[in-house]
Every structure is written in structure tokens, then in C-alpha cells.
Amino acid sequence: MNYKQEIGVGIFFFILAALYLAGSLSISSFDPFGNSTLTSKAIPQLLGGLMAVLSIAHITGNALKLKRAQAARRTEAVMSPRFKLNRSGWLMLLSVLFICAYIFLFTRLGFILSTILFLLAEIFLLIPAGKRKRWAIFIICFSIGLSILLYMLFTKLSMFLPLGLLG
């Protein structure tokens, strides 16, 4: 296993978490329940903090594994001067592109349509090619159902999301 790549992935997600947390600070605070800690900022900040903690744990764990592997070999691994992406690297890159597309389409298409498209693209990307055909109907129903359920949950909590084309 290439621990240096895994440490790089952890650093990437830590930076992404920091940017996400910084972006969540600009959310206007709305408290639908009165004097509670559950505001419109709470969930994004909780998710950003959780992602930061998990990425630090990922970095630390892989740094320790790398140190143990180097101590066991007593020689340093020779790094290739070229940077090559393996399958998981391409999956991560495509996932980041899907997230960027989701952010771009969120206000244009609305929450429901953009979330359905994002979930479909991400699930079909991550599921093995041989299982896509067998699970296609379930994935489509799951994406539609989850998007509508989340929209209904947020509107029930008086946190309105953009409708976009469905407006």
C-alpha cells in the first residue's frame, strides 16, 4: 500500500474540510426551535468538523504505518519521478468534479434535481461495473426518494432550499 498517497488524500480532505468550515461561517444563523443549538449553521459545521477530525486520523494512521514500514525495510522506497493516478485516484478526482458540478447546479436546478443527479452520478461511479445493471432501478429510486425526503425534512424544519426548475 502506498502510504504517502494516503497521507496526501488525508491532507486533501483536511483542506477541503477547512474550506467547507470557512464556507459554513457565512451561512446566516436561523434557529427554528427557539433557543436551541440546532441552527442552520450547526449541521454544516458539525459535518466540516467531523471531516477534519477524520482526515487528521487518516493522516496520523497512515504516517504511523509508513514509519513502521520504513523501519521494517531499513531502506527508503524509491519514488517514481512521474505522477500516475491509479483507479482510486481517478475515482477521487471524478468525485471532486461531481461535487463541483453539484455546487454549480444547486441554485440553477434546485435542491431536488441537483441532488438526484449528484447521487446518481456518484453511486454509479462508485459501484462496480458488473453490478450497475442489476442495481440500476434501486439506485434511481433511492436517489429520487432520498432527495425528496431530505427536501421535505428541511422544509419541515423551516430551512428552505432552492427549487430551481421545479419552482
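The values are calculated or read from the model by the stated rules, or taken from the named source; none is laboratory data. Small disclaimer: the values here were computed from a predicted structure and weren't measured. Reconstructed Cβ throughout: ideal geometry from the backbone, glycine too, with neighbour counts over all protein chains shown.
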statement: Taking region 57-84 and the residues there that are under 18 Å from Val9 (Cβ atoms) and not in a helix (DSSP H, G or I), the one that is modelled with the lowest pLDDT would be Ala77
- request: Could you please let me know if Ile127 is out of contact with any Leu (no Cβ under 9 Å at 6 or more places or on another chain) and modelled with pLDDT of 90 or more?
  value: yes
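Kindly indicate which of Ser114, Ser158, Ser143 is under 22 Å from Ser28 (Cβ atoms) and either at pLDDT 85 or above or surrounded by 14 or more Cβ atoms within 10 Å (Cβ to Cβ) (or both).
On the way: Ser158 fails: either at pLDDT 85 or above or surrounded by 14 or more Cβ atoms within 10 Å (Cβ to Cβ) (or both); Ser143 fails: under 22 Å from Ser28 (Cβ atoms).
None of the other options fit; the residue is Ser114.
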message: Any residue in region 141-157 that is farther than 20 Å from Thr39 by Cα sitting within a Cβ distance under 6 Å of a residue that is at pLDDT 90 or above? List the pairs, counting only those 6 or more apart or interchain.
response: Ser143/Ile116; Ser143/Leu119; Ser143/Leu120; Ile144/Ile116; Ser147/Thr115; Ser147/Ile116
